[in-house]
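I have placed the structure first, in the form of structure tokens, so that the comments after it can refer back to it.
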């Protein structure tokens, strides 16, 4: 660790510790350090620790990657639902540091209004709430103070000792339509109780947020799917629903955009190849290699202990543009030989023999150039290495199948074209018989 600071989060029962880590080469990984902190926190049974990490994509968002908002009309019922969901999430192996942002255990003073008496005296509940808010929070601007060219807002608030004194709070004056100003304790009483430190709203509904980190060795998508399954299993009454935000929402949007990008890339590649080969059939043979590369890319990620994330998805997109070059080299030379009068099978064998050397040269040069990135050198290399591992694994494992699939596909399609052309050829006309 490089430095540590301790602070409080405007609540008497919560504190935070901010840790600035040493350079990556001088410490364990963040996940390993998080595991050590969680193990040390188990010795303090009265605490509920939660770890948050900076956003790897930048910005000020340091919330957990799993973030869901439970929405509904009844706050107390939502707290019970959130507690059930949180208990189930804590049992899920793919989730750690599970916590809700709302509980009803914060100490507070509650103003219990005698509503019939307040109505008889002409005191509105909104006036009581406004007076308490004005003197407790000090957020309302009463006036401005000018000093030279500077202007300062003027607010009013009780002293710290008075804000904690029930007797001082009872002496607050509230407006009455019949009696002018009356004391608060004449129409209400103060009681000690427990309640939320703050109340969040989203789309005009009460909101309770649930947070969780992804456990080491698990993917964000796996943790998000497990969380959604827990919500479905617990079951929410009508009028209540769970909305995911944060990295889960980004993952959903990224997945949708990535699928769209792959589809558009395939269409554009087909158009370019069709124009290059002046054929609508040969581009299909080349594009047969694209579906083969994706499983091999996922296998390489699994074999190296990595997960499918934004960086590895970019690697898959780059891989699709790289693997097709082998098929282009093969089919281009096959077409040249066929145009020169070679038979089908002889042209396929000769083209693969001649093109094998440049295919291997380009493949090995790509792999060699990506090895430093795959090894991971420098800060943030763990994220960048996913791109290299995806391309290296997909390109290497797909190489052998590409050398087999493209010739077989070319042979089948050319044979089918020959059969169709023979079947559609017109039969020769019979010569008319000569009369004697």
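The values are calculated or read from the model by the stated rules, or taken from the named source; none is laboratory data. Values in this document were obtained by computation on a predicted structure and should not be read as measured data. Backbone-built Cβ (ideal geometry, glycine too); neighbour counts: all protein chains shown.
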So residue 421 clears everything in (1) exposed (fewer than 15 other Cβ atoms within 10 Å of the Cβ); (2) modelled with pLDDT of 85 or more; (3) over 26 Å from residue 314 (Cα atoms) except one condition, right? Which one?
(2)
Might you check whether a residue that is surrounded by fewer than 14 Cβ atoms within 10 Å (Cβ to Cβ) and in the same structural domain as residue 383 (by TED's automatic domain parsing) occurs anywhere in region 323-334?
no
Hey, among 138, 122, which residue is surrounded by 12 or more Cβ atoms within 10 Å (Cβ to Cβ) and closer than 22 Å to residue 198 by Cα?
138
Out of the residues in region 188-203 meeting the condition of being more than 19 Å from residue 169 (Cβ to Cβ) and surrounded by 12 or more Cβ atoms within 10 Å (Cβ to Cβ), tell me which one is farthest from the chain's Cα centre (by Cα).
196
Test result for residue 278, exposed (fewer than 13 other Cβ atoms within 10 Å of the Cβ) and either in contact with a strand residue (DSSP E or B) (Cβ under 6 Å, 6 or more places away or on another chain) or under 30 Å from residue 206 (Cβ atoms) (or both)
no
Residue among 98, 112 that is surrounded by fewer than 12 Cβ atoms within 10 Å (Cβ to Cβ) and either in contact with a strand residue (DSSP E or B) (Cβ under 8 Å, 6 or more places away or on another chain) or assigned by TED's automatic domain parsing to the domain that holds residue 168 (or both)
112
